[in-house]
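Structure, as structure tokens:
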Amino acid sequence: MSLELVPHPRCQRGLRWTLILPEPAPAQAAITAGLERWFPEAVVGFERWGTRRVDRLIVQFRVEFRVGERPGDIGLLFRSCCAEPDRELIRARLFAGLAEWG
Amino acid sequence: MDELTRRLPAIDGVGQQRATLAGEPLVFHCNHYNYWIQHTVRLDASLGMDPVIRDAAESCARGLLERGRSELGLRGPDAVLSLARDCFAELGFGMLDLSKASAEGGVVRTPVSHYGQTLASACSGHFERDQNLFDQGFAAAAVAVAFELEAGAFEVRNNRCMSRGADAGEFELVRRAGGGASPWPSPGIGVLGEGVPAARREDTHTDEGEILAALSGLDFSGNEEGLIPRFGVILTRHFANFYDRISFEFVERMRGSGMLDEAEELLVEAGRRCAYNTFGGIMLSGEWDAVIRSQCQTREDWAHGMVAVINALGWGCWRIIEIDERRAVIRVWDDYESTGWLGMYGGEGRRADRPVSYLAAGGAEGLMGLIYRGGIIDGPALDEGLYQRSCQGGVGYVCRQTRSLAQGDPYTELLVEAIE
């Protein structure tokens, strides 16, 4: 699976990234379920943006994943107190999980 | 999550699209505006604005915490310190560690700080001065209220701020020799207008009620580390009276130097920067795409859609009366600058001798610049170059405040015209 992790255009000095999944991207529910498996310590919730549902998975004081903001994207919002070595570990866990999907 | 355990007073809706927390009016503003307004009022160090900023934070926080303590029926210092920590995080200011505080003061830490950490991404270069004056004032209020001390009981020493490279914010509160002094008490909501907002225009495809309902489903509380990342910026749900106090005091001190017009223009510039970054960030966001974009068929619809969002920010009730590429007329009921001015200075029927809605004026210029000069509909990068081409003073649009609630009119009116 070819993956592209790009800084948000206004990433606030590295806090905000977007992981773009290749087409055809898995369904939103499958992405969220995958993240729950790979980050079982995450607190899971969601928001309604009008008719759109955005799933939020929060690994406290480290990172928040948002699924459903835009189709085929996973938003990553690192917490400011999550140091770069920790961010690297999180990216590695995420990529290892996604690799399960081939 | 941490915020699930926060115990807070209720947020109340008052006036026209205004909100208070334990009687203190709140407005949303982002790290860009927080940088620009603070940068502006501190431009001339000889004006002595640092104590004004710190005192404004202390007075607003004191009002919130005193009324919040009463509203929640809290007893004892620990409960008040906990309330202070929770409010600080909920409103997006960061994490406040008051565990070493006593009636004599003590060391306060801010391991996460909006002012210490997020203003850097709004500016180029490095800070020569600490940015965490607000944190100092808030903490001073927290400890004073917790131990039932007078306002101004503490002075700050040995400050370390993340904006200048410290690992965490840290400062020491020390009892002020000779007792406290409170030169300026926060006036709470101030004086609301009596005018009734105009009806919404019917020649737009946007539905403000639907937009406001959708926005009410979004989480605007501070996350577990006390920050509010949203719309590509870092928001705070801040004290309206804090902005009012530092703006008006800056104007007053500049008036004394004979540079009143320049001072007002600088505050309008801060408003343009706010609009460019916050409105721009909102109009490029996934939230906009999901909720509002589908309602927009014309550039004017984008303006109406953005004004609907503004009406969720606590700034007052905005209505577009006229709009095209050449000019716009926007009226604002209960704009927070006017209500704050009247609350602070409007005793015995006194009215302002000049309009005071600098943020609203700059915001209206920025909105027009983004839509008609900046091509926001096409999704541009919000960089400094685009700002200079579309929104900067003297380039895009210029706003005159043709009516002012602070001067006795029923609403504030903004006439925004294109610069040819």
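The values are calculated or read from the model by the stated rules, or taken from the named source; none is laboratory data. Just so we're clear, the structure is a prediction, and the values are computed from it rather than from any experiment. When we count neighbours, we look across all protein chains shown, and the Cβ atoms used for this are built from the backbone with ideal geometry, even at glycine. Note: accessible area is taken over every heavy atom of the protein model, side chains too, but ligands, DNA and RNA are not part of it. Shrake-Rupley method; radii C 1.70, N 1.55, O 1.52, S 1.80 Å.
Some points to look at:
- Long-range tail of P(r) for the stretch B:325-374 (Cα pairs > 16 Å, %): 49 percent
- Gyration tensor analysis over the Cα atoms of chain B returns equivalent ellipsoid semi-axes of 34, 22, 21 Å (largest first, whole Å).
- Listed residues A:E47, B:E262, B:E148 arranged by accessible area, highest first, probe 1.4 Å: B:E148, B:E262, A:E47
- Rounded if a/c under 1.5, otherwise prolate or oblate - the protein assembly as shown, Cα gyration tensor axes: oblate
- Stokes-Einstein diffusion of the stretch B:235-348 at 20 °C, 1.002 mPa s viscosity, Kirkwood radius from Cα pairs, rounded to a whole number: 133 µm²/s.
- Choice from A:R13, A:R79, A:R53 with maximal GNM fluctuation in chain A (Cα, 10 Å cutoff): A:R13
- The stretch A:4-99: proportion of alpha-carbon pairs further apart than 15 angstrom, %: 59 percent
- Against chain B, whose longest principal axis comes from its Cα atoms, helix B:31-41 is set at around 80 degrees.
- A simple charge model with +1 on the Cβ of Lys and Arg, -1 on the Cβ of Asp and Glu and nothing else charged puts the dipole of the stretch B:83-235 at about 600 debye relative to its Cα centre.
- Out of every Cα-Cα pair that the stretch B:179-267 contains, those further apart than 23 angstrom amount to 60 percent.
- Accessible surface buried once B binds A (1.4 Å probe; total of both sides; Å²): 2200 Å²
- Which of B:C60, B:C296 is most accessible, then next, and so on - probe 1.4 Å: B:C296, B:C60
- Taking A:L15, A:L35, A:L76 as the candidate residues, the one with maximal mean-square fluctuation in a Gaussian network model of chain A, Cα springs under 10 Å, is A:L15.
- On Cα atoms only, tilt of B:358-368 relative to the major axis of chain B in degrees: 40 degrees
- Quick note on the stretch B:1-121: its Rg to Rh ratio, both from C-alpha atoms and Rh being the Kirkwood radius, is 0.97.
- Loop-located GluC sites (Glu not before Pro) in the stretch B:151-200 (DSSP state other than H, G, I, E, B) with a sparse environment of at most 11 neighbouring Cβ atoms within 10 Å: B:E194.
- Short-range pairs are left out: with C-alpha atoms under 8 Å and at least six residues apart, the relative contact order of chain B is 19 percent.
- For chain B, the longest principal axis of the C-alpha atoms and the axis of helix B:240-256 are separated by about 80°.
- Point-charge dipole on Cβ atoms (K/R +1, D/E -1) for the protein assembly as shown, about Cα centre, debye to 20: 480 debye
- In the context of the full set of protein chains, the stretch A:4-99 has a per residue accessible area of 46 Å² (1.4 Å probe).
- Rolling a 1.4 Å probe across all protein chains gives B:F138 an accessible area of roughly 0 Å².
- Trypsin sites (Lys or Arg not before Pro) within the stretch B:116-220: DSSP coil, no more than 14 neighbouring Cβ in 10 Å: B:R129
- From the alpha carbon centroid of the stretch B:119-167 to that of the stretch B:1-62 is 13 Å.
- Highest GNM mean-square fluctuation among B:D409, B:D244, B:D261, for chain B modelled with Cα contacts below 10 Å: B:D261.
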